[in-house]
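For reference, the structure discussed in these notes is given below.
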Amino acid sequence: MRRPRQPLFLARATYRRRRLRDAARLVPVVGAFLLVLPLFWAQGGAGPVVVFVFLVWALVIGLAALLAPGLEQPDPPQNPGGDD
Amino acid sequence: MPFDILVLSCFVYVIFLFAIAFFGERRAELGGMGFLRSPTVYTLSLSIYCTAWTFYGAVGYGARSGIEFMTIYLGPTLVFVGWWWVLRKLVHIGRQQRVTSIADLISSRYGKSNGLGVLVTLIAVVAATPYIALQLQSVTLSFAVFASDQPVGWATPIRASTALWVAGGLALFTILFGTRRLDAKEQHHGIVIAIAVEAVVKLVALVAVGSFVVWGLAGGPGAVIDRIEAVNLPGWQLQPGRWVGLIALSAAAVICLPRMFQVLVVENIDERHLARASWAFPLYLFAMCLFILPIAMVGLERMPADTNPDMMVLTLPLAHGQGALAMLAFLGGFSSATSMVIVETVALATMLSNHVVMPLWLRLRPEATQSADLRGGILLARRLSIIGVLGLGLGYYRVSGGSAALAAMGLIAFAGMAQVLPALLGGIFWRGASRVGAILGLITGFATWAWTLFLPSFGQDAVIPAQVFAHGPFGLSWLRPEALFGTAAMDPLIHSIFWSLTLNAAAFFAGSILSFPDPVERIQGAAFVNAFDAEAQGGRLGWTHGQAEPEALLNLAQRILGEEALTFFEAEARAQGKEGYLPDMTPAFLTELERRLAGSLGAATAHAMISQLFGRATVTVEDLMAVASEAAQIAEYSARLEANQTELTRTARQLREVNEKLTQLSVQKDAFLSQISHELRTPMTSIRAFSEILTEGDLPAPQVADYGRIIHEEAKRLTRLLDDLLDLSVLENGAVQLNLGLAHLGELLDRAAAVASQTRPDRAFRIERDVTVEEIYLRTDADRLVQVFINLISNARKYCEADPALLRIAIRHRAGRVTVDFIDNGRGISKENQALIFEKFARLTDQTKAGGAGLGLAICREIMANLGGTVAYLPGQRGAAFRVTLPLRLERSAA
């Protein structure tokens with residue numbers, strides 16, 4: 001006989017926090033990828049590269065600033081079995 | 001602008017910095033840190049990454065190679081926005097382990113090895129010296145820019161003396177605020193607040209100059225962007241190798257540079273500040289870089305061709321009559337240089353004093369741990385190190401003459417310090433990283449860096465002969481400094497970074513994989529790699545048991561930590577639920593204390609110091625071995641106890657047996673006494689009776705003769721009895737005189753059989769012998785041996801009940817011993833009596849039958865003992881059986 005179905009517990013906050021960390025880990029990867037891109041551009045003047053690099057730079061800083069407040073908070077007490 | 005005003009304002013600025021630092025220290029001491037503890041100050045303090053190299057050099061770098069200068073700031077940006085990867089862990093470990101410098105971190109991670117600390121310190125000093133020289137040079141150059149239109153006179157700054165003054169002033173500042181006190185966390189609030197202020201000054205200065213250039217000279221940002229897009233200078237082409245390589249190098253440097261490590265990890269007050277810095281510091285760098293290219297472009301356009309591009313930040317406003325702006329720019333540059341030198345010097349001095357000077361001092365004067373004022377010693381070491389580091393920088397500047405371009409020097413320093421990266425990252429992410437690997441990697445990387453970049457930087461023929469550049473050392477062309485393994489096509493800088501880091505990492509991995517770390521190293525490795533794992537910290541290497549008294553420990557701690565020690569002890573005691581200042585020496589407490597001491601001394605020294613005080617109560621390999629052998633000893637001891645116990649059980653059993661025998665013997669003794677009186681009495685009674693009859697007189701002659709014969713017989717019997725007793729006592733005392741000689745065994749048996757035939761001659765008795773085996777010559781006392789044989793044969797004749805009685809005499813000769821078995825076909829002797837038959841007066845059957853005193857076998861046993869042999873009852877032969885064992889050749893000594 002089947003047991004009555006338990007409401008599935010989703011640690012929503014913990015899950016979000018984990019994905020936030022994943023995002024934080026991803027930021028430098030995105031930055032590095034974008035910074036390497038100009039190397040493969042058809043050789044032109046240095047001008048567009050300068051503008052592009054500054055834009056990437058600003059984007060990366062913006063992303064980091066966006067994520068930082070969420071990451072700053074200390075871990076809530078861990079619930080057992082709440083692995084990724 | 002008058003040079004005097006410049007010097008004066010510079011002087012005022014310095015006093016202002018001193019005041020700020022002093023204010024910071026005071027606030028910190030009073031505990032009202034408030035603003036000082038904010039993430040903003042932390043972020044601003046990180047700006048010492050931007051040294052005079054950035055302030056002046058970046059414009060020069062931008063003018064020479066365009067966008068490439070940005071790599072130096074993009075690398076740190078990636079590291080900071082990716083703080084969740086490395087920085088978070090680094091800062092966490094740094095705070096957890098109370099790390100005092102990068103050398104301390106490496107040393108602590110690899111089993112608190114001071115050798116590694118020394119190695120990293122050495123690399124740091126070698127790499128940083130040119131960098132410090134660079135800062136002194138930039139200050140000197142900036143003074144020179146202002147002084148160029150001055151008349152020759154006392155006010156003209158002679159370059160070298162300017163550098164000397166600057167170095168002296170910096171030494172004073174650093175000593176004042178860097179060694180004011182020994183802090184458990186090695187934090188310098190005064191210095192941090194001062195460099196935060198300087199960070200603002202240099203940013204404001206650069207932005208001000210940039211704004212002036214963009215809006216004042218170039219005609220707005222749009223025009224600047226247009227101009228940049230139009231520019232097509234030959235050096236401005238993007239070089240893929242250098243672009244990627246330099247981003248990676250600067251990313252490594254921002255973690256490894258001693259001064260960056262100092263502000264990033266050591267001076268960190270709250271780990272959460274890193275979250276703010278993760279975007280705010282890249283933003284600062286962004287702001288610093290924003291105006292570099294415009295200044296460089298406008299400078300190239302407007303300034304004479306021979307202008308030093310490194311000084312354009314100053315010369316551009318000066319050339320356009322903006323004295324105040326130039327003044328601000330000068331202060332910005334001055335701030336950049338001084339803040340870098342101060343922090344770098346503090347970091348290097350901490351490393352030098354903790355890993356080189358103090359261990360040396362403690363080694364030379366081991367008693368110092370107990371006696372001298374350690375605080376004084378440490379502070380003195382620190383101050384001397386500061387002077388030493390600044391002296392080195394000044395010396396390098398004097399020697400090199402400040403000729404090289406600023407950017408080149410900075411990159412060389414970066415590449416040198418980056419050699420620590422494999423050991424650092426491996427240490428915090430890979431438990432398998434070992435000390436041997438770290439040492440090998442560091443040495444390999446450092447040597448490669450020195451050979452391919454550092455030494456060549458002095459120019460051809462300066463250190464390395466041009467010959468070697470062209471053909472390699474000893475003609476080994478694959479070792480050419482700028483073309484290792486024939487890679488001549490690479491850019492020299494990238495070539496060096498590529499090879500030094502590759503070989504470094506290879507040696508690090510090989511050494512780690514092939515070596516076996518000791519226990520301390522493995523525990524530290526686990527603690528570092530699992531820094532966020534609370535459980536892993538529980539099993540951290542701790543002080544297990546100690547002999548040190550809490551007083552002695554407090555005494556030591558007070559000499560290093562000062563008042564803080566007392567507070568700490570008190571708090572710990574309270575936490576343990578005790579009143580007063582002296583907590584129990586729990587492992588947790590000692591570990592915490594060691595960490596605090598490590599904050600002042602470095603992990604290795606603190607560990608060594610507590611070890612000394614504790615008389616090696618720490619867990620070293622030797623101790624683990626000792627513990628292991630102790631366990632082995634305990635096991636051995638218990639095994640021995642067990643053995644003892646079985647032995648005791650055996651002894652007890654033997655004792656019981658002996659006791660039984662004694663009881664029996666005591667019974668026998670009583671029997672003996674009654675026996676002997678009986679034995680003596682029977683003949684005596686008949687002698688007395690018959691002698692009385694004889695004294696009556698009137699007896700016929702044949703009766704007298706008869707009676708006389710009886711008396712004679714009885715007297716003979718008495719004599720025999722007494723002879724036997726005497727014989728036995730002589731034999732028992734070992735005082736018997738043996739008459740050794742060669743005797744033929746068969747003859748001896750013949751003699752014995754003949755004599756024994758007198759016993760119960762009426763019986764039918766057959767002796768079975770094998771004469772061929774009796775052909776043995778013995779060296780023994782023949783008469784005594786015959787006596788034994790007689791006894792045994794007579795016994796058989798007396799007691800063997802079988803009819804016909806048969807005695808078999810079996811002889812065996814083996815390994816120098818001869819056994820003679822007398823086996824009859826009677827009933828034998830019961831088991832319980834076998835132990836008794838050799839006792840005196842032991843007669844199993846009734847006396848009449850025996851006719852002897854019961855001394856025979858006892859005498860036999862004693863004789864055989866004297867002849868070096870035995871006589872024993874041989875069970876399991878159906879009938880009674882006795883085995884006589886004796887040596888073939890009896891030596892006199894055995895007698």
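The values are calculated or read from the model by the stated rules, or taken from the named source; none is laboratory data. Nothing here was measured: the structure is a model prediction, and the numbers come from that model. A quick note on method: Cβ atoms are made from the backbone with ideal geometry, for glycine too, and the neighbour counts reach across all protein chains shown. These area figures cover heavy atoms from the full protein model, side chains too; ligands, DNA and RNA do not enter into them. Shrake-Rupley method; radii C 1.70, N 1.55, O 1.52, S 1.80 Å.
Assorted remarks:
- Of all residues in the stretch B:254-271, those satisfying the criterion of being outside any loop (DSSP other than H, G, I, E, B) and either farther than 18 Å from residue B:195 by Cβ or within 11 Å of another protein chain (Cβ to nearest Cβ) (or both) are B:255, B:256.
- For the stretch B:765-787, taking the residues that are in a loop (DSSP other than H, G, I, E, B) and either open to solvent by 60 Å² or more (accessible area, probe 1.4 Å) or not assigned by TED's automatic domain parsing to the domain that holds residue B:820 (or both), the one that is nearest to residue B:745 (Cα to Cα) is identified as B:775.
- Yes/no for residue B:274 being surrounded by 24 or more Cβ atoms within 10 Å (Cβ to Cβ), touching a residue at least 60 places away in the same chain (Cβ under 8 Å), over 21 Å from residue A:54 (Cα atoms) and within 11 Å of chain A (Cβ to nearest Cβ): yes
- Scanning the stretch B:228-243 for residues that are open to solvent by 60 Å² or more (accessible area, probe 1.4 Å), facing another protein chain (nearest Cβ under 8 Å) and in a helix (DSSP H, G or I) returns B:229, B:230, B:240.
- Test for residue B:106: is it crowded, with 23+ Cβ neighbours inside 10 Å, in the same structural domain as residue B:315 (by TED's automatic domain parsing) and touching a Gly at 6+ places or on another chain (Cβ under 7 Å): yes
- From the options B:458, B:414, residue that is surrounded by 22 or more Cβ atoms within 10 Å (Cβ to Cβ) and among the hydrophobic types (A, V, I, L, M, F, W, C): B:414
- Candidates B:246, B:203 - the one that is under 42 Å from the mean Cα position of the chain (by Cα), on the phi < 0 side of the Ramachandran plot and more than 10 Å from chain A (Cβ to nearest Cβ): B:246
- Residues of the stretch A:12-28 satisfying the condition of being surrounded by fewer than 17 Cβ atoms within 10 Å (Cβ to Cβ) and either at the interface with chain B (Cβ under 7 Å from one of its Cβ atoms) or at pLDDT 95 or above (or both): A:21, A:25
- For residue B:124, the requirement of being more than 14 Å from chain A (Cβ to nearest Cβ) and surrounded by 23 or more Cβ atoms within 10 Å (Cβ to Cβ) is met.
- Flag for residue B:20 being within 14 Å of chain A (Cβ to nearest Cβ), part of a helix (DSSP H, G or I) and among the hydrophobic types (A, V, I, L, M, F, W, C): no
One line per residue, one yes/no per condition, for (1) outside any helix (DSSP H, G or I); (2) open to solvent by 20 Å² or more (accessible area, probe 1.4 Å); (3) at pLDDT below 90; (4) under 18 Å from residue B:251 (Cβ atoms):
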| residue | (1), (2), (3), (4) |
| --- | --- |
| B:58 | no, no, yes, yes |
| B:63 | no, no, yes, no |
| B:66 | no, no, yes, no |
| B:71 | no, no, no, yes |
| B:75 | no, no, no, yes |
| B:80 | no, no, no, yes |
| B:89 | no, yes, no, yes |
| B:94 | no, no, yes, no |
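- Within the option set B:257, B:264, B:246, B:293, being crowded, with 24+ Cβ neighbours inside 10 Å, closer than 14 Å to residue B:71 by Cβ and at pLDDT 90 or above holds for one residue only, B:246.
- Residue B:187, sole failed condition from (1) within 14 Å of another protein chain (Cβ to nearest Cβ); (2) of a type outside the set (Gly, Ala, Ser); (3) outside any helix (DSSP H, G or I): (1)
- Leading residue by the ranking (nearest to residue B:376 (Cα to Cα)) among those in the stretch B:572-597 that are among the aliphatic types (A, V, I, L, M) and open to solvent by 50 Å² or more (accessible area, probe 1.4 Å): B:582
- For the stretch A:35-68, taking the residues that are under 15 Å from the mean Cα position of the chain (by Cα) and not small (Gly, Ala, Ser), the one that is nearest to residue B:244 (Cα to Cα) is identified as A:60.
- Any chance residue B:376 is farther than 19 Å from residue B:254 by Cα, away from chain A (no Cβ under 14 Å) and modelled with pLDDT of 90 or more: no
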